[in-house]
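Note sheet for the following structure.
Each value in this text was obtained by applying a stated rule to the coordinates, not by laboratory testing. This structure is a prediction, so every number in the text was calculated from the model and none was measured. Note: ideal-geometry Cβ built from the backbone for every residue, glycine included; neighbour counts use all protein chains shown.
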């Protein structure tokens, strides 16, 4: 595993953003960036390399998490774990076309998140 993987949290709800950040810190990760808009996800990935994205589907602007990931994947291969309250089949099918590590329904537990993240970094 890379010594200090860089993780991007894309979550529009501040409380959940902070909760995910705290979970990551508890897991030992410290290089964490958080954004709340799809456009910010794209901008952040244009400027910085991330080892993992924790992505909500519904974000604050008109670009949702699946669309943002589709744009990012044109240029970069970054693993994504979707963490969403929006578990409808249509969005899951959209996400599956792009690929993902895991698709977790909110509220996500520390154990669920830890297992999903470890599947990325054990490789």
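If you go through the range 1-23 and keep only what is part of a helix (DSSP H, G or I) and in contact with a helix residue (DSSP H, G or I) (Cβ under 8 Å, 6 or more places away or on another chain), you end up with 20, 23. When residues in the range 36-56 are screened for being under 11 Å from the mean Cα position of the chain (by Cα) and either within 21 Å of residue 119 (Cα to Cα) or in contact (Cβ under 8 Å) with a residue 40 or more places away in the chain (or both), 7 of them pass. Got at least one residue in the range 101-117 being crowded, with 17+ Cβ neighbours inside 10 Å, within 12 Å of the chain's Cα centre (by Cα) and touching a residue at least 60 places away in the same chain (Cβ under 8 Å)? Yes, the range 101-117 contains a residue that is crowded, with 17+ Cβ neighbours inside 10 Å, within 12 Å of the chain's Cα centre (by Cα) and touching a residue at least 60 places away in the same chain (Cβ under 8 Å). For residue 61, the conditions (1) touching a helix residue (DSSP H, G or I) at 6+ places or on another chain (Cβ under 7 Å); (2) buried (at least 16 other Cβ atoms within 10 Å of the Cβ); (3) farther than 26 Å from residue 122 by Cα are fulfilled apart from (2).
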